[in-house]
Amino acid sequence: MTIEIVTNLIILLTSQIGFIYGFFTILIRRQPLYLKMVVLVMACMMVSRIYVILQFITKGDDPDVFHVGMLGMLGCFLFLFSANFGMIDSLTDDGDKEFIKYRIISWLAPVLIIAGFVPVCFFGGTISKNVSYAVVVLFVALASRYHLKHLIFPDVDYGVVRCIRGYNAVALVLCLAVTVFISGDILSLDIMMLISGIVISICCIVIVPLIKKEASKWTTA
C-alpha cells in the first residue's frame with residue numbers, strides 16, 4: 001500500500017467522521033442552512049476520496065483528466081464559498097469605505113494560493129491534469145478570500161462572523177492544505193501529500209463540531 005493511498009484513506013476516514021457527526025447533529029435537526037452546507041463539504045470530500053481510492057484499487061492510478069475526485073473537491077469549496085458569500089458576507093460588510101483595508105487584505109489569501117499553484121504546473125503533471133486541478137484551485141482561492149476576510153473583519157454591527165472566527169481559521173488552513181495536497185499530486189511528491197493530507201484530516205475532524213459550537217453563539221451574541 002503506497003503513501004498516497006494511505007493518505008487518501010486517512011482523509012476518507014476523517015471526512016466520514018465529520019460527515020456522520022454533522023448528519024446526526026446538524027442535517028437532521030433544525031439547524032441554520034449555513035451549518036448544513038459545512039456538513040456537505042465533508043460529504044463532498046468523502047465522495048472525492050472514495051473515487052480516488054477505488055481508482056487506485058481497480059486501475060492502479062487516478063485519471064489525468066477531470067474526474068469525480070476533482071469534482072468532489074471542487075464541491076467542497078463551492079459550498080464553502082457559497083455559504084460565506086451568499087449568507088454571511090452581506091450581514092458583515094455593508095460596503096462602507098471605512099473597512100476598505102480589510103477587503104483589500106482579504107485578497108492576499110487567493111493571491112498567495114494562485115501564485116503558489118501556478119509555478120507547480122510547470123514542473124509536473126500533464127496539461128489535462130493541471131488544467132483540471134486549476135479549476136479546483138480557483139474555487140479554493142475564492143473560498144479562501146472570504147475565510148480570511150471574515151477572520152479579520154471588525155463585524156461591528158451584528159457580531160455574526162466574530163462568533164465563528166475559529167471556524168474561519170480552520171477553513172482557511174483547509175484551503176491552504178488542499179492547495180499543497182494538489183501540488184503534491186501534480187509533482188508526484190508522496191511526502192508532500194502525506195503532510196498536507198494529515199492537516200486536511202485534522203481540519204475534517206475539527207471543522208464541523210467547531211462551527212456547530214461557535215454558531216450556537218448567534219442566538220446569544
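The values are calculated or read from the model by the stated rules, or taken from the named source; none is laboratory data. Remember, predicted model here, so these are calculated numbers, not experimental data. All Cβ positions, glycine included, derive from the backbone under ideal geometry; neighbour counts span all protein chains shown.
Here are a few things to note about the model shown:
- Residue 103 vs. criteria closer than 20 Å to residue 143 by Cα, over 17 Å from the mean Cα position of the chain (by Cα) and free of Cβ contacts under 8 Å to residues at least 60 places away in the same chain: yes
- Some residue of segment 148-164 being in contact with a Phe, Trp or Tyr (Cβ under 9 Å, 6 or more places away or on another chain), free of Cβ contacts under 8 Å to residues at least 40 places away in the same chain and either within 23 Å of residue 35 (Cβ to Cβ) or charged (D, E, K, R) (or both): no
- Tallying residues that are in a helix (DSSP H, G or I) and buried (at least 18 other Cβ atoms within 10 Å of the Cβ) within segment 153-169 yields 4.
- Considering (1) buried (at least 22 other Cβ atoms within 10 Å of the Cβ); (2) at pLDDT 95 or above; (3) of a type in the set (Val, Ile, Thr), the lone condition that residue 206 does not fulfil carries the number (1).
- Within segment 188-209, being of a type in the set (Gly, Ala, Ser) and part of a helix (DSSP H, G or I) holds for 196, 197, 201.
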